[in-house]
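Here the structure comes first, spelled out in structure tokens, and everything after it is commentary.
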Amino acid sequence: MNPKSKRVDRLLFSIFSASLLLLVACDEQAELSVTSTTQAKTTAAVDAARIVDANNEPGNWLAHGRTYDEQRFSPLADINDNNIERLGLSWFYDFPTNRGMEATPLAIDGVLYVSGSWSMVYAFDAVSGELLWQYNPEVTKAKALHACCDVVNRGVAAWDGKIYVGTIDGRLIALDAADGHVIWDVQTTPEDAAYTITGAPRVVKGNVIIGNGGAEFDVRGFVSAYDAQTGALNWRFYTVPGDPSKPFENPILEKAAETWSGEWWKMGGGGTVWDSMAYDPELDLLYIGVGNGAPWDRSIRSPEGGDNLFLSSIVALRPDTGEYVWHYQTTPGDSWDYTATQHMILADLQVGGTTRKVIMQAPKNGFFYVLNRENGEFYSAEKYTLVTWASHVDQETGRPVEAAGVRYDAGVPAVNFPGSQGGHNWHPMSYSPNTGLVYIPAQQNLGVYAHDDGFSYEKGFYNTGLDWTKATLPDDPEQRAGVIGQFTGFITAWDPIAQKEVWRVPHSNLWNGGILSTAGNLVFQGNADGQFAAYKADNGDLLWNFEAQTGIVAAPISYRVGGKQYVAVVAGWGGSLITFGEIANRSKGSVNRSRMLVFELDANGKLPDPVPFDRGTPEPPAITASAETIQQGDDLYHSRCFACHGEGAISAVSYIADLRYMSANTHKNFKAIVLGGLYQDRGMPSMASHISDAEVDLIHTYLTSMAHRVLEETNAAPDQ
């Protein structure tokens, strides 16, 4: 067992007063490492044969995407387009945490296994909802600083009686499926670097495959394989080359290094494998999606240009050894955070009149790709959302044809569609072999990319190379509304053969949930407005809707126990959209209520009435600072603080402190919080290594001015 699991400093997580919550980014309650109310009924006896033959037991959901091909299609049809109006809430569970919830549950032999925020794991009786056990890896809360996109977790894996989870502090842990006790615990990442794990592991041929995140900071990406029984490291594949003066870990990295320039390795290089994977047992190929560069701006990390392999690429590896087989790069020389970590789906499709083994992906860059999964050959790519950074993907070369002015290294900011949130983010898409359609939780958004002329590398901190002060929303209300209106979401039902949209369901905002399609001619999705809905798979008609009281970003599953079909989804608003302040805050589901929701036909369960959320009234001190001083604080805030606390100091979620609403006591202790680490046990670490004493004063002045603006706007509002 890793010595970390025996640390003597594991104190119960303190519950602070309401005044402290105004600045703190979480309000979790502590749990014992393992809490078991009863012995689980199963041993999660999952092996390769069961996952390969998953369609022969459609009542279970054995792996992250149900099957190795990650299609997220359920063959169950007891719940269908003719009886969906009878669907009701069977049971729910309120998680003891209050952060973003992104996990896909597993349903194995009558038990649901699911992860939550802070990498906690839960096991439920799939019929009654009884909590069988829960496990808390006791992650140090200060690690939240390195979680660019919330302390989320996207799911667990099961194999031979064990449940595997990656933790936000970079560990991979094997738990006993029967009671949740730790079998082994290994550190997969360097502890002195800004790595995190938010993605779900996959288990292939007895290897637990896990990647990591952190390319917004200064890390070098890799994917690792650990022995499922012992936790021993079997192999590791680095996705970007290291220092070329030293031996390369893999022969292919020597060739990859030819596509880089400068001294990228000193800033990590990025290329983290933080989410999507798929596996073809017939070809014996493991597919990984690779993320953005570190820094984002290529002109900083690779000054003489280059494709920078294997950033923003799909890479095929041998799962036994990690041997490189082929790659395809979706965005050569990425400078826009156009990761290729988004969901990948394997299917056999008609291409040019011949059935081909394909891999499909709708990465952030806005093009839907169909490739030959045997060798990476490019078949087609078309825009599935508004795209301005490239006109098209060249059919001969498979490379995007960039539009003029999209690279911002010449000192002129670029306004591109999509922005860094992508045309499709991590939220899983689904493929239905019945309709032949891929259902994408797509979105439209723009990004303002500006080179940071004063960039200076900082270890363990954000190193995007962008001047974020150029990316803030305009103050003019009409202009601001116009920009915000460019941020929308939708379901697109995409024909991957014809490469065109068949139908679309619009949403009021971006950041909507992952998708499940079923043999009942249904498509399920939760959304940013707190609704969990079912649509007709062949035409998109809305058939059913449930008010979940909170935004849903996770993907649903369906399972069957005792001859009865269920649909389950994890609800709870959060994730990387928190950076976008008012854009995210306008979602009706922006108040987080972390829950497991399970539905069945003819059930009539009810959720409790929601407790109204109120941030209270700002209590700022008097302010006499000049406009110039306030602007200096504004610029510092948007270069140092907004990634967590939101653009314009507007919190996008209920669990992140809206710094405009600080109490008088919080204002008094502001410097002790920011520099002294007063709240570090609650997720707000000391920023003394990154912000000076004088800079804290300027930031505080800006926040005080924003608090006074809130008071002025409130007083100016007419009586209701």
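Read the figures in this text as sums done on the coordinates, not as results from a lab. Since the model is a prediction, treat every value here as computed from it, not as a measurement. Please note: Cβ atoms are built from the backbone with ideal geometry, for glycine as well, and neighbour counts cover all protein chains shown.
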In nm, to one decimal, how far is the modelled label at ALA410 from the one at GLN631, with both set 7 Å along Cα→Cβ? 2.7 nm
Total formal charge among the other residues, if their Cβ is under 9 angstrom from that of SER639, Lys/Arg +1 and Asp/Glu -1: -2
Between THR354 and LYS255, Cβ-based FRET efficiency (R0 35 Å, step 0.05) works out to 0.65
Shape call for the range 547-684 from the C-alpha gyration tensor, a ≥ b ≥ c root eigenvalues: rounded (a/c under 1.5), prolate (a/b greater than b/c) or oblate? prolate
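Listed highest first by mean packing, meaning other Cβ atoms within 10 Å per residue, what order do 99-107, 680-688, 543-551, 628-636 come in? Kindly include the intermediate steps, with their values, before the conclusion.
Values: 99-107: 28.0, 680-688: 19.2, 543-551: 21.2, 628-636: 17.6.
Listed from highest to lowest mean packing, they are 99-107, 543-551, 680-688, 628-636.
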Proxy exposure order for LYS162, LYS255, LYS588 (fewest C-beta within 10 Å first) is LYS255, LYS588, LYS162
Just the projected area, averaged over all directions, of the convex hull on the alpha carbon atoms of the range 476-581: how many nm²? 8.7 nm²
Kindly identify the range 173-234 as rounded, prolate or oblate by the Cα gyration tensor criterion: order the square roots of the eigenvalues as a ≥ b ≥ c, call it rounded if a/c is under 1.5, otherwise compare a/b with b/c, prolate if a/b is larger, else oblate. prolate
Hey, can you grab everything whose amide H is under 5 Å from the amide H of PHE368? Only 5+ residues off in sequence or another chain; H modelled, so Pro and N-termini drop out. GLU382, LYS383, TYR384
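With respect to the cross-link table entries LYS564/LYS606; LYS500/LYS536; LYS141/LYS205, which display a Cα-Cα separation exceeding 26 Å?
Correct reply: LYS141/LYS205.
With r defined as the distance between the Cβ atoms of THR624 and ALA481 and R0 fixed at 30 Å, what FRET efficiency is calculated, to the nearest 0.05?
After rounding, the FRET efficiency stands at 0.45.
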Let me see the P(r) profile for the range 385-428: every Cα-Cα distance counted, bins of 10 Å, each bin given as a percent of all pairs. 26, 45, 27, 2
So if I take the centroid of the Cα atoms in the range 553-610 and the same for the range 44-86, what is the distance between those two points in Å? 20 Å
Rounded to the nearest Å, the spacing of the alpha-carbon centers of the range 444-501 and the range 147-191 is 32 Å
Working note, the range 615-716: Cα radius of gyration (Å, one decimal) and Dmax (Å, whole number) are 12.8, 41
Per-residue [θ]222 nm for the chain (sum of -39500 (n - 2.57) over DSSP H runs n ≥ 4, rounded to 500): -3000 deg cm²/dmol
